[in-house]
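Visitor: Pasting in a structure now, in structure tokens, and then I'll have a few things to ask.
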Amino acid sequence: MSVRFLRADGRWRRAADDDGPEAALLTPLARGCLSADELSSAATHRFVEERLAEHGYLNRSVHPGTHLGEAKGAFLLCGFTMALANDRLGDRTLRWFERTLAACGPSGLFAEEYDVRQRQLRGNPPQAFVHALLLECAVRLNDASTLPH
């Protein structure tokens, strides 16, 4: 474990010289590389959610000099990653999964981003990575919902 990327408060940082929030920091937790019991998992999850969530959607990062969601839309891949991270932490409410699922277009396809304020897809549709993570989430969260809590 590299100490340069782990802050004294226990949360992971984006780079050795950058403490800003980044949704990709949820990936190790979502993938099971970090235990949900580790302080860094909960601390990083909380920080990302507090700083990057907007109306139930998750932005990838903050862009200096702009308000959240202004430079880029919410990254749908990040919403599904948050759903998987929540599952690892024992939160089985499905709120992140359902909210991100609601961003699909009329054809049922997802784009890369979702403009929360204008309620429209942004970026490149169809986005295969988003669809793949949607399927993974659906299977994993369905399996988790059948387990005793």
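Visitor: Please state the Cα pair-distance histogram of the chain with 10 angstrom bins from zero: what percent is in each bin?
Guide: 12, 41, 34, 13, 1
Visitor: Still on this model: Can you work out the accessible area per residue across the chain, with the rest of the protein chains kept in place, probe 1.4 Å, in square angstrom? Numbers along the way, then the final one.
Guide: Values: 8180 Å² over 149 residues.
Result: 55 Å² per residue.
Visitor: Roughly how much of Thr27 is accessible, in Å² to the nearest 10, using a 1.4 Å probe?
Guide: Surface accessible to solvent at Thr27 totals approximately 60 Å².
Visitor: How large is the accessible surface of Phe110 in square angstrom, using a 1.4 angstrom probe and rounding to the nearest 10?
Guide: 0 Å²
Visitor: List the relative contact order of the chain as a percent without decimals, with contacts defined as Cα pairs under 8 Å and 6+ residues apart.
Guide: 19 percent
Visitor: Apply 1/(1 + (r/R0)^6) to the Cβ-Cβ distance of His67 and Asp91, taking R0 = 22 Å, and write down the FRET efficiency to the nearest 0.05.
Guide: Working: r = 27 Å, r/R0 = 1.24.
According to the calculation, E is roughly 0.20.
Visitor: Okay, moving on. As a test question: what accessible area, to the nearest 10 Å², does Arg88 have when a 1.4 Å probe is rolled over all protein chains in place?
Guide: My reading of the accessible area for Arg88 is about 100 Å².
Visitor: When the solvent-accessible surface of protein heavy atoms is calculated with a 1.4 angstrom probe, in what order do Ser35, Ser41, Ser107 fall, highest first?
Guide: Highest to lowest solvent-accessible surface, that is Ser107, Ser35, Ser41.
Visitor: So what is the 222 nm mean residue ellipticity for the chain from helices alone, if each DSSP H run of at least 4 adds -39500 (n - 2.57) and you divide by all residues, rounding to the nearest 500 deg cm²/dmol?
Guide: -11500 deg cm²/dmol
Visitor: Which of the GluC sites (Glu not before Pro) found in segment 1-65 are loop residues per DSSP with 14 or fewer other Cβ atoms within 10 Å of their Cβ?
Guide: Values: sites: Glu22, Glu38, Glu49, Glu50, Glu54; in loops: Glu38.
When the GluC sites (Glu not before Pro) of segment 1-65 are filtered for loop state and at most 14 Cβ neighbours within 10 Å, Glu38 remain.
The values are calculated or read from the model by the stated rules, or taken from the named source; none is laboratory data. Just so it is clear, the structure is predicted and the values come from calculations on it, not from any experiment. Every residue, glycine among them, receives a Cβ derived from its backbone with ideal geometry; neighbour counts consider all protein chains shown. Areas reflect the complete protein model, heavy atoms only, side chains present, ligands, DNA and RNA absent. Shrake-Rupley method; radii C 1.70, N 1.55, O 1.52, S 1.80 Å.
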